[in-house]
């Protein structure tokens, strides 16, 4: 099979695995989770019908204000009222042939910011504050109210709700669910769980997920994926808090703007996370989504604050829904783009993200058409965020485990390599030492051949010719001795600085000069920096200095000899001077120079 054929097969296989995961997740959700878990069931119990629905604006949030109100009959339920903010009252009648021993239970199904319930003129249930502008939002929390038997009577019973709105212009009225309290609480356990405790549990779990994602983002080298996941989880937590916190620090239009912006940012966060999580990241995807959000958020806030009550809410809702649909579709495209080449093992994560994108789009479409059952996204999203969190952290744990294994392997290989390098270093050091010894032997042999050998051969030739005087032999032997001393001094200075080598020379020369009857003066300037010289170079310096001292002793007729060592730019200047007569000049040739001076010059 060719390489291109293998790549095409791999791509098809990856896409099939992705499609399989998406289909499985969609089937599980729509045919298992949604019908049996997320569809609210009010239970099978006898229900009491409410009739004669009427509503009216009232001046004060109390039952006495109903006496002065002008009620209008609601021709059909569900019904609604728009677009006056403030206080309203809704009342209807429930007829009882007998009074249940434990009283009645009621789920009002009224959309308002807060509400108090009166039965037959008596206060039955209500929480928080009702006086504008400082109200609480307890009506956002869904629950079953208990109407005690003492508040009921045979025949017609008046149920009256005092309502308040401070920002949203709509009061929505749906048929209440009324039944015997004991039967309702027993058979609506699942419904009440999702309306109450479930939200608090989800709030805590997703809040913890957001915190963990933030910690990972702060420590990760590539922060984009965990950072977007943090924004997603944190924003869902904020949106849920809108419903779950009855007494927030802000109210009115600020709180309503919080709802619209936080709800829309969910779509932005899903797209940003999909882009950061997927393959072949779109470089400007995240910034573009944030820019779209900023424009849409500004437009929604301006609509809420600048337009009249009613149109302001509708316009903000339209901007929200259209933008959410666009971002949801972009999220779907982005997920498909990430896996267009196949070869990725994160198909289940992609399937979860695809389901979430579908739910985001359905939620936005429901807001536009009011033709679909709500609740899919609200109840499903925390489960899917938690599922993504499990998959995300599990994948990173596997990476951490792989990193630990790689570190252990690298540590073992490093130890082996270190041992090999130490052994090689020891061999190299041994070789260097042997080579240094061999080089030193060669140097000594050359120096002996060039120095001692040459001088001894000169003495031998003078002896064979028989023309040398005893003084000549004395001088030759002295030169041999001086050469030996120089060689010994140069070997003693191995590893020493030039300053130490000159000190050795000083100790050798001083007795000889003083024995010849000359005053000896040795001067070394302070703070000198000596160049690094090898033994052979030191020997040559010694030879030049030795020749200069010998010439002074033999030819100068001086009574004083001085040696000075001083700096000379980057080098040294060594001066050997005497107070003798100097060298005679030859006619036409300047100063006469012997072989010693020639050697010194070389």
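The values are calculated or read from the model by the stated rules, or taken from the named source; none is laboratory data. Nothing here was measured: the structure is a model prediction, and the numbers come from that model. When we count neighbours, we look across all protein chains shown, and the Cβ atoms used for this are built from the backbone with ideal geometry, even at glycine.
Quick grid of which residues meet (1) part of a loop (DSSP other than H, G, I, E, B); (2) crowded, with 20+ Cβ neighbours inside 10 Å; (3) touching a helix residue (DSSP H, G or I) at 6+ places or on another chain (Cβ under 7 Å):
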{"site": "84", "(1), (2), (3)": "yes, no, no"}
{"site": "115", "(1), (2), (3)": "no, yes, yes"}
{"site": "128", "(1), (2), (3)": "yes, no, yes"}
{"site": "132", "(1), (2), (3)": "yes, no, no"}
{"site": "167", "(1), (2), (3)": "yes, no, yes"}
Evaluate the range 154-163: report whether one residue or more is in the same structural domain as residue 54 (by TED's automatic domain parsing), over 18 Å from residue 103 (Cβ atoms) and in a strand (DSSP E or B). yes
Single condition residue 28 does not satisfy, out of (1) in the same structural domain as residue 171 (by TED's automatic domain parsing); (2) under 56 Å from the mean Cα position of the chain (by Cα): (1)
Just the residues that are in contact with a helix residue (DSSP H, G or I) (Cβ under 9 Å, 6 or more places away or on another chain) and either at pLDDT below 80 or surrounded by fewer than 20 Cβ atoms within 10 Å (Cβ to Cβ) (or both), please, taken from the range 220-230. 220, 222, 223, 224
If we scan the range 183-196, do we find a residue that is exposed (fewer than 15 other Cβ atoms within 10 Å of the Cβ) and within 30 Å of residue 75 (Cα to Cα)? no
Condition met for residue 354 (in the same structural domain as residue 318 (by TED's automatic domain parsing), crowded, with 20+ Cβ neighbours inside 10 Å, at pLDDT 70 or above and in contact with a helix residue (DSSP H, G or I) (Cβ under 9 Å, 6 or more places away or on another chain)): yes
Tell me yes or no: at least one residue of the range 30-43 is surrounded by 13 or more Cβ atoms within 10 Å (Cβ to Cβ), at pLDDT below 95 and touching a strand residue (DSSP E or B) at 6+ places or on another chain (Cβ under 7 Å). yes
What number of residues in the range 147-165 are in contact with a helix residue (DSSP H, G or I) (Cβ under 9 Å, 6 or more places away or on another chain) and either within 22 Å of residue 112 (Cβ to Cβ) or without any contact (Cβ under 8 Å) to a residue 40 or more places away in the chain (or both)? 6
Provide a single number: the residues in the range 55-76 that are in contact with a strand residue (DSSP E or B) (Cβ under 6 Å, 6 or more places away or on another chain) and in a loop (DSSP other than H, G, I, E, B). 5
Given the structure, is residue 56 surrounded by 13 or more Cβ atoms within 10 Å (Cβ to Cβ) and either touching a helix residue (DSSP H, G or I) at 6+ places or on another chain (Cβ under 8 Å) or outside the structural domain of residue 122 (by TED's automatic domain parsing) (or both)? yes
Report every pair of residues separated by at least 6 positions or lying on different chains whose Cβ atoms are under 8 Å apart, first residue within the range 19-31 and farther than 14 Å from residue 384 by Cα, second in a helix (DSSP H, G or I). 20/347; 21/347; 21/348; 21/350; 21/351; 24/351
Selected residue (only one of 239, 264, 302 is in a helix (DSSP H, G or I), modelled with pLDDT of 90 or more, surrounded by fewer than 16 Cβ atoms within 10 Å (Cβ to Cβ) and assigned by TED's automatic domain parsing to the domain that holds residue 223): 302
In this structure, does residue 107 turn out to be buried (at least 18 other Cβ atoms within 10 Å of the Cβ) and modelled with pLDDT under 95? yes
Per the filter on the range 267-310, residues under 29 Å from the mean Cα position of the chain (by Cα) and under 30 Å from residue 85 (Cβ atoms) are 267, 268, 293, 294, 295, 297
Exclusive hit being in contact with a strand residue (DSSP E or B) (Cβ under 9 Å, 6 or more places away or on another chain), at pLDDT below 75 and under 22 Å from residue 439 (Cβ atoms), set 498, 539: 498
Kindly indicate whether residue 549 is under 23 Å from residue 456 (Cβ atoms), surrounded by 15 or more Cβ atoms within 10 Å (Cβ to Cβ), modelled with pLDDT of 75 or more and in contact with a strand residue (DSSP E or B) (Cβ under 9 Å, 6 or more places away or on another chain). yes
